[in-house]
Amino acid sequence: MSTQRLYRIEPDALNELIQSLRKQNYTVIGPTQRGAAIELDEITSTSQLPIGKTDEQAPAHYRLKDRTDGAFFAFSAGPHSWKRYLFPPVLKLFTSRKNADGVHIAEEPPATEKEELYALLGVRSCDLSAIQIQDKVFTGGAYQDTAYQRVRSKVFIIAVNCVHAGGTCFCSSVRTGPRARVGFDLALSEVVDGEHYFIVEVGTDRGEKIVETLTRRPAEDAEVEKADHLIRAAAQLTGRSLEPDNTREILYQNTEHPRWDVVAARCLSCANCTMVCPTCFCATVEDTTDLAGSEAHRIRKWDSCFTLDFSYIHGGSVRPSSRARYRHWITHKLASWVDQFGTIGCVGCGRCITWCPVGIDITEEFRVIRETYLMNRGTGLNKE
Ligand code: SF4
Ligand code: SF4
């Protein structure tokens, strides 16, 4: 961590941060316990954070546990990702009304300034990378998603460096974490080790302006080193790994690998993996009318390449089997995404592993296929 623009704040100052942001009209979104999981929602004070909670994650397994140290952020990614605020699950695009003059289309007015002004508190490094990936998807090409751009251009991001490695995470292997490097206004590192404090790293001028409103002091080297040590330790403890080099070649050369049948026998095509994934961006549009046929709405909704209908074109689905759909999903994530956007589409958050009801693990599926590729190297069986 660079020692420039690093401050130490006490836990109470985190509440000052939330109040400062609220005074500037931000709706602060952060992690909070909802039932048996840590989800994302509006928070108005630190008392709504999952203080003293941690999570235990494994394939198809998520449990909250108590800690005794009062840590604010000692858990890893939950079922929600930040994309629900930048790319909402349901968005009305327009309404058309029929009257004596004909049909009139009214685009949905953008939400009010306050409704769309988000401060995201607790964005992990993997999720920062996911936001950067979705930036490319929605705003990096010839066609811009104006709704995404409008919200994204105003969002204030407070990252939190991970010191608790999750059982299904693999950010360090795909080089997206556990430390936030770019793309934040402020980044927090929590130290709970005899004393409880946060190191605040400033990423932007508007971040600096918010920090100026907090009770703070410049961080001392030893305090920064303690935080750095915890982050380095977390990097060694992530529960899984995925080798990110050559993913494209490996998957393109194994489109008929027998493993696709093995995974298809387990996959329920439930689409959970795509709903929880912070980079998946598939959507569909639905039109609805009132009973009189005088008013119709067009709504955009998250969709998934795991549904049969998603690739339905004039008379049939392009990917009629679970085998074809799983193969498509992982090949897009780790291979054709590189062709489209220049990076793989997986940031190693582990959500798809935890929330798959049958525990299908992207790292394990890829590992098996990669082993075949490595075994065939030099034999002429790979198209090298
Ligand atoms: S594919 Fe899985 S591990 Fe990768 S970003 Fe999506 S949910 Fe996270
Ligand atoms: S891989 Fe798992 S989460 Fe994804 S569709 Fe198949 S069963 Fe559902």
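Laboratory data are not the source of any read-out in this text; all were calculated from the coordinates shown. Remember, predicted model here, so these are calculated numbers, not experimental data. Glycine gets a Cβ as well: all are built from the backbone with ideal geometry, and neighbour counts include every protein chain shown.
Quick notes on this structure:
- Dipole magnitude (debye, nearest 20) for the chain, charges at Cβ of Lys, Arg, Asp, Glu: 740 debye
- Cα-only Debye scattering, the chain: base-10 log of I(q)/I(0) at q = 0.14 Å⁻¹: -1.25
- Volume per residue of the C-alpha convex hull in the range 21-170, rounded to whole Å³: 157 Å³
- Over the range 202-346, volume per residue of the alpha carbon convex hull, in Å³: 249 Å³
- Distance between the modelled labels on Asp66 and His229, one decimal in nanometres: 2.9 nm (7 Å Cα→Cβ projection).
- 18 Å cut-off, amide nitrogen to a point 7 angstrom out along Ser45 Cα→Cβ, residues in the range 72-86: 72
- The spacing between the range 212-277 and the range 339-384, judged by their C-alpha centroids, is 13 Å.
- Kirkwood Rh and Cα Rg combined as Rg over Rh, evaluated for the range 96-243: 1.13
- Rounded FRET efficiency, nearest 0.05, which uses the C-beta distance separating Val358 from Ala36 and R0 of 30 Å: 0.95
- Basic side chains Lys and Arg get +1 at the Cβ, acidic Asp and Glu get -1 at the Cβ, and with that the dipole of the range 13-73 about its Cα centre reaches some 60 debye.
- Cα lying deepest toward the dipole's positive end in the chain, options His314, Ala292, Ser173, charges on Cβ: His314
- In loop segments of the range 211-319 as defined by DSSP, the GluC sites (Glu not before Pro) with at most 15 further C-beta atoms inside 10 Å of their C-beta are Glu212, Glu220, Glu256.
- For Asp135 and Val103, the difference between the fully extended length at 0.36 nm per residue and the C-alpha to C-alpha distance is 8.1 nm.
- Tail beyond 19 Å, pair distance distribution of the range 105-188 (Cα, percent): 48 percent
- Length, then width, then depth: along the principal axes, the Cα atoms of the range 261-384 run 68, 32, 32 Å.
- Helix-only CD estimate at 222 nm, as mean residue ellipticity for the chain, using -39500 (n - 2.57) per DSSP H run (n ≥ 4): -8500 deg cm²/dmol
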